[in-house]
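The values are calculated or read from the model by the stated rules, or taken from the named source; none is laboratory data. In this text, all values refer to a predicted model and were calculated from it rather than measured experimentally. FYI the Cβ positions are ideal-geometry reconstructions off the backbone, even for glycines, and counts take in every protein chain you see.
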Ligand code: PMP
């Protein structure tokens, strides 16, 4: 048990939290009327709160604890590294064994054309780095006008100024004067929500060709890159129709632009492949990574670079960019231990051929529930669209988001973390979840859907 929770009861912890802690992505005034949930320990797929309740972590923290909570090997690797070399930088002609070892390991698990990595501490920092890298790349190539980066509405690329600008979240843009200049957003491949009368295949082609139309409208000589998540996570686990990625690949191969696959969620096994790009057969020029790189045990992110990108940047002299914690030795040690466990325990392969298909089959069957308009899942990331009048995709609950929040709160009471995006319930459990735990997980989801339906029926909303 956590030391603080032994000393202070939950109410005292909540009160101190409300008084002194400003939470990320939170309406602080609203939170503090009820108080935050206090999580004190975790093991495998299970969280324990300060009242001793066990909660199944259906989101792997924030899509990151791929190898599950409480891993001794990581704790030991981190302790050993802290004693050996707790910190040193990688500026000024200096390096150290953990950063070298991790860089080498990453080149082994990434596609063959990717052999170098720049380190930072988060996905947001990785995407900030990428904005500067791609623009510098085209400057070195003698095409300084190629500055605009095309991204997608409802994409998520982080919370820093550049990351949030690349992202397509209206609420984020409205705070702080975003997006920065030179970012252009196109439609997302969200068939359930925006596909209209088109079939998924037709809509996937249409959405992909929005990229082509944007390149033509902006002028190919002005466009630096296209950035996209293989599957949009924070936007609501948007799985593109099968026609989408092949068409984007065709467009990128015909046009002189860089392609950036944001692997912050999809990387490190989430789709049953090492990277989302492997799942969809993409060949990115740059891949931002974070989260599953260390399974969230310590903050570390990076930018994986295709050979032609690093070779071009090499011709530009000094790249004036770096962070105090670029290649932090202890974070690297955590990431090395994490990757070694993913490899030695065959966790990615298990998601591809055993527990992944087992979970998908049960999750997709939830599409039959009267409250679920669509169930989708790839690997171990999925969504349920809650809908008032299935199969009609045009009908939504009003106001959007209230039913999602209700369902999320019921889920917590049932001992399961699911996240709500609009009125979709999304999940991304630790990749080590067992078949027995999957049965338990699905039981809790079903109970939650039934209870939500019953509340809505009582309120006359169904
Ligand atoms: N890119 C994607 C695809 C993400 O999902 C996230 C985080 N949810 C980020 C970037 C930003 O990562 P971080 O929160 O580590 O800055």
Can you tell which of 27, 49, 57, 43 is farther than 15 Å from residue 294 by Cβ and more than 23 Å from the chain's Cα centre (by Cα)?
49
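Condition check ((1) touching a strand residue (DSSP E or B) at 6+ places or on another chain (Cβ under 7 Å); (2) within 16 Å of the ligand (Cβ to nearest atom); (3) assigned by TED's automatic domain parsing to the domain that holds residue 200) across all residues:
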site: 220; (1), (2), (3): no, no, yes
site: 225; (1), (2), (3): yes, yes, yes
site: 239; (1), (2), (3): yes, yes, yes
site: 249; (1), (2), (3): no, no, yes
site: 255; (1), (2), (3): no, no, yes
site: 258; (1), (2), (3): yes, no, yes
site: 262; (1), (2), (3): yes, yes, yes
site: 268; (1), (2), (3): no, yes, yes
site: 282; (1), (2), (3): yes, yes, yes
Subset of the stretch 181-228 (residues that are under 19 Å from residue 158 (Cα atoms) and touching a residue at least 24 places away in the same chain (Cβ under 8 Å)):
182, 183, 184, 185, 186, 187, 188, 225, 226, 227, 228
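Working only within the stretch 294-304, note down all residues that are more than 10 Å from the ligand (Cβ to nearest atom) and over 17 Å from residue 226 (Cβ atoms).
Initial filter on the stretch 294-304 (more than 10 Å from the ligand (Cβ to nearest atom)): 294-295, 297-298, 302-304.
Selection gives 294, 295, 297, 298, 302.
Give the residues of the stretch 60-77 that are surrounded by fewer than 18 Cβ atoms within 10 Å (Cβ to Cβ) and either assigned to a loop (DSSP other than H, G, I, E, B) or more than 16 Å from the ligand (Cβ to nearest atom) (or both), sorted by residue number.
70, 72, 73, 75, 76
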Check residue 277 against each of (1) crowded, with 22+ Cβ neighbours inside 10 Å; (2) assigned to a loop (DSSP other than H, G, I, E, B) and name the one condition it does not meet.
(2)
I'd like to verify a number: residues in the stretch 163-177 that are more than 11 Å from the ligand (Cβ to nearest atom) and buried (at least 22 other Cβ atoms within 10 Å of the Cβ), how many?
2
Select, from 230, 200, the only residue that is away from the ligand (no atom under 14 Å from the Cβ) and at pLDDT 95 or above.
200
List every residue pair whose Cβ atoms lie under 6 Å apart, where the two residues are 6 or more positions apart in sequence or sit on different chains, the first residue falls within the stretch 152-178 and is over 15 Å from residue 188 (Cβ atoms) and in contact (Cβ under 8 Å) with a residue 24 or more places away in the chain, and the second residue, located anywhere, is outside any helix (DSSP H, G or I) and within 14 Å of the ligand (Cβ to nearest atom).
163/157
Can you spot a residue in the stretch 295-304 that is without any contact (Cβ under 8 Å) to a residue 60 or more places away in the chain and either in contact with a helix residue (DSSP H, G or I) (Cβ under 6 Å, 6 or more places away or on another chain) or assigned by TED's automatic domain parsing to the domain that holds residue 102 (or both)?
no
